[in-house]
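Each remark here refers to the structure printed beneath this line.
The values are calculated or read from the model by the stated rules, or taken from the named source; none is laboratory data. Owing to the predicted nature of the structure, the values given are computational and were not obtained by experimental measurement. All Cβ positions, even for glycine, are placed from backbone atoms using ideal geometry, and neighbour counts span all protein chains on display.
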């Protein structure tokens with residue numbers, strides 16, 4: 001079946017099969033977070049984006065081939081509830097944005113700066129710092145050499161708008177500015193967006209609404 005990105009807590013994961021990379025999306029409770037297991041086809045190495053909750057479900061999704069790393073997109077607690085258990089079970093290396101790492105209770109092995117590249121086997125993932133939802137949120141960009149880019153945006157970009165900035169105009173302006181400059185201005189409409197909650201989208205679907213978001217202020 002074709003990948004849709006529509007997953008529910010307690011439901012079946014959805015698998016997006018690219019030529020060099022396999023992306024498995026699973027939803028975990030209690031806040032219906034998305035977690036993503038990325039697998040390099042060439043080496044079999046795996047990386048988890050957001051050990052959000054339900055470590056048993058995450059370990060089942062990871063399977064028997066282990067895990068080389070876990071990236072936490074930002075410091076909010078619903079994105080790292082299972083991190084300690086997953087790291088203990090797999091020995092995976094931990095990554096997080098350098099500004100958010102102090103707010104994550106599991107030590108960060110590799111603090112990530114804007115523009116840093118995280119390697120997964122032969123796969124390159126470029127980190128982009130997006131400030132506003134938290135001080136050090138990061139998105140990961142996979143620029144597929146056989147197709148279009150894929151962006152894992154945490155809680156910074158969703159279908160219909162940017163992430164929650166808690167009615168802080170400065171934080172909203174910062175987040176929308178970073179999302180505009182670092183995602184919309186540099187990536188094509190075909191870029192597939194994998195958010196921290198809910199369904200996927202594309203930059204082309206959201207691009208026409210940037211001015212609307214700026215006007216409404218959220």
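Sort through 1, 31 and tell me the only one that's surrounded by fewer than 20 Cβ atoms within 10 Å (Cβ to Cβ), more than 14 Å from the chain's Cα centre (by Cα) and modelled with pLDDT under 95.
It is 1.
Residues considered: 71, 87, 26. Of these, the only one that is more than 17 Å from the chain's Cα centre (by Cα) and in contact (Cβ under 8 Å) with a residue 24 or more places away in the chain is 87.
For the stretch 152-160, the criterion of being surrounded by fewer than 23 Cβ atoms within 10 Å (Cβ to Cβ), at positive phi, part of a strand (DSSP E or B) and at pLDDT 95 or above is met by none of the residues.
Residues in the stretch 84-102 that are closer than 18 Å to residue 136 by Cα and in contact with a strand residue (DSSP E or B) (Cβ under 9 Å, 6 or more places away or on another chain): 94, 95, 96, 97, 98, 99, 100, 101.
Can you tell me which residue is farthest from the chain's Cα centre (by Cα) among those in the stretch 132-147 that are surrounded by 18 or more Cβ atoms within 10 Å (Cβ to Cβ) and in a loop (DSSP other than H, G, I, E, B)?
Once the filter is applied, the top-ranked residue is 132.
Just wondering, is there one or more residues in the stretch 182-193 that are touching a strand residue (DSSP E or B) at 6+ places or on another chain (Cβ under 9 Å) and part of a strand (DSSP E or B)? Yes, the stretch 182-193 contains at least one residue that is touching a strand residue (DSSP E or B) at 6+ places or on another chain (Cβ under 9 Å) and part of a strand (DSSP E or B). Output the residue which, of all residues in the stretch 104-118 that are within 15 Å of the chain's Cα centre (by Cα) and outside any loop (DSSP other than H, G, I, E, B), is surrounded by the fewest Cβ atoms within 10 Å (Cβ to Cβ). Looking at residues that are within 15 Å of the chain's Cα centre (by Cα) and outside any loop (DSSP other than H, G, I, E, B), I get 117. For residue 164, work out the one condition from (1) under 18 Å from the mean Cα position of the chain (by Cα); (2) surrounded by fewer than 23 Cβ atoms within 10 Å (Cβ to Cβ); (3) under 28 Å from residue 19 (Cα atoms) it doesn't fulfil. The number of the failed condition is (3). Given (1) closer than 15 Å to residue 49 by Cα; (2) touching a residue at least 40 places away in the same chain (Cβ under 8 Å), identify the lone condition not met by residue 165. Residue 165 satisfies every listed condition except (1). For the stretch 54-65, the set of residues classified as on the phi > 0 side of the Ramachandran plot and touching a strand residue (DSSP E or B) at 6+ places or on another chain (Cβ under 7 Å) consists of 54 only. Going through (1) surrounded by 15 or more Cβ atoms within 10 Å (Cβ to Cβ); (2) in contact with a strand residue (DSSP E or B) (Cβ under 7 Å, 6 or more places away or on another chain) one by one, residue 18 falls short only on (2). The single condition among (1) in contact with a helix residue (DSSP H, G or I) (Cβ under 7 Å, 6 or more places away or on another chain); (2) free of Cβ contacts under 8 Å to residues at least 40 places away in the same chain; (3) more than 27 Å from residue 148 (Cα to Cα) that residue 56 does not meet is (1).
Considering the conditions (1) over 13 Å from the mean Cα position of the chain (by Cα); (2) closer than 28 Å to residue 121 by Cβ, residue 174 is excluded by exactly one of them, (2).
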